[in-house]
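The values are calculated or read from the model by the stated rules, or taken from the named source; none is laboratory data. Computed from a predicted structure; not experimentally measured. Neighbour counts run over all protein chains shown; Cβ positions are idealised from the backbone, glycine included.
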Amino acid sequence: MLPFDMRPDAVMQELMAYGQKLSHGMKNLMEVGEISSGVTPKTVVHQEDKLTLYRFQNPNKDAVTSKTPLLIVYALVNRPYMTDIQENRSTVRALMDAGQDVYLVDWGYPDRADRYLTLDDYINGYLDRCVDVICERHRIKKINILGICQGGTFSLCYSALHPDKVKNLVTMVTPVDFQTPDNMLSHWVQQVDADLVVDTLGNVPGEMLNWTFLNLKPYQLMGQKYLGLLDTLDDPDALKNFLRMEKWIFDSPDQAGEAFRQFIKDFYQQNKLLKGGLEIGEPVSLKAITMPVLNVFAEQDHLVPPDASRAMRGKLGTKDYTELSFPGGHIGIYVSGKAQKTVPPAIGKWLDERD
């Protein structure tokens, strides 16, 4: 028995229905309007070169219960508005609802003038000055930090180098062991001649890195989702949700050449953060991280496998170490409905208990 009706009248009816759905969907596409990049109102509090430091505006000031502001440190390789992509899928808003006073570092878009920026420039320069700005604004000596993905790795390094400025550290989908057996990206990167790439290209094109990430799951990320787009076209809200994600996926900044060189060689190829020997201005030791740490990871993460993140257990200098596991993927941990209801409230509660 055939899985579908092959009678001519049934085929014609299905083709007509498909045509009507496609026509309606194209009309929705034409009328979709501008796709936003972040939805929560925010204020610029500091700018330096390409970097911008934002403070999100909570319409209900009484809702801010935390005494210590929280700085979100995102990765260099993607844009940070993934944390605030739409009203009902915003980690930022959920953290604000949990009583947090939220700041965010936007690294911007490096150009040829940034070719020689190093990890030292990013971590001991830009990030350290952002922390100083927040401390001065609030007349405090320490802040809380939430580092996400590569930004979490930066936050670990920063906390090890500047423990006197970090009260509590939260890491989310953050790699510590860059060579776990199930890390497909790491297996690819081991074969990359980072010196040849940077010496040839200068800055590393964001499009090239994006192509690499997409090819980790080529069918799901480059085929399946577009096959399913037809079912989304006739729903304007669902269509906008889809286009917001597409905009973020392909909004990939170039990478400053020297910083890229060091990150690939020291972290992926030599695994120095875990094994030792890492220097960013001065030696970095995980044992120097003595403040409380909450480590949040995703169980189905294809970019940062859980074991890559769990590797920090027992390697830090703090006795106050907590893990939070989320049953989802690398992106779902920011945007899924289940994540919104569980992860930010848990982070807020954990921080409040140590405030």
Considering segment 44-60, residues that are without any contact (Cβ under 8 Å) to a residue 24 or more places away in the chain and part of a strand (DSSP E or B), and then whichever is nearest to Gln100 (Cα to Cα), we arrive at Val44
Only one of these is in contact with an Asp or Glu (Cβ under 7 Å, 6 or more places away or on another chain), at pLDDT 85 or above and within 22 Å of Asp251 (Cα to Cα): Thr52, Thr68. Name it.
Thr52
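Which one is farthest from Thr290 (Cα to Cα) among residues in segment 312-355 that are of a type in the set (Lys, Arg) and part of a helix (DSSP H, G or I)? Can you show your working first?
To start, the set of residues in segment 312-355 that are of a type in the set (Lys, Arg) comprises 313, 315, 319, 338, 341, 349, 354.
Next cut, part of a helix (DSSP H, G or I) only: 338, 341, 349.
Numbers: Lys338: 31, Lys341: 29, Lys349: 20 Å.
For segment 312-355, the residue satisfying everything is Lys338.
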Answer yes or no: is there a residue in segment 171-186 that is over 23 Å from Ser285 (Cβ atoms), touching a Leu at 6+ places or on another chain (Cβ under 7 Å) and surrounded by fewer than 16 Cβ atoms within 10 Å (Cβ to Cβ).
yes
Every residue from segment 61-80 that is part of a loop (DSSP other than H, G, I, E, B) and farther than 22 Å from Phe263 by Cα:
Val64, Thr65, Ser66, Lys67, Thr68, Pro69
Within segment 139-155, is even one residue over 30 Å from Glu323 (Cα atoms) and among the aromatic types (Phe, Trp, Tyr)?
no
Go through the residues of segment 143-160 one by one and say whether even a single one is surrounded by fewer than 19 Cβ atoms within 10 Å (Cβ to Cβ) and either in a helix (DSSP H, G or I) or touching an Asp or Glu at 6+ places or on another chain (Cβ under 7 Å) (or both).
no
Search result, residues across segment 81-118 that are touching a helix residue (DSSP H, G or I) at 6+ places or on another chain (Cβ under 8 Å) and in a helix (DSSP H, G or I):
Tyr81, Met82, Thr83, Thr91, Val92, Ala94, Leu95, Met96, Asp97
So which of Asp97, Asp84, Asp177, Asp106 is under 18 Å from the mean Cα position of the chain (by Cα), of a type outside the set (A, V, I, L, M, F, W, C) and modelled with pLDDT under 95?
Asp84
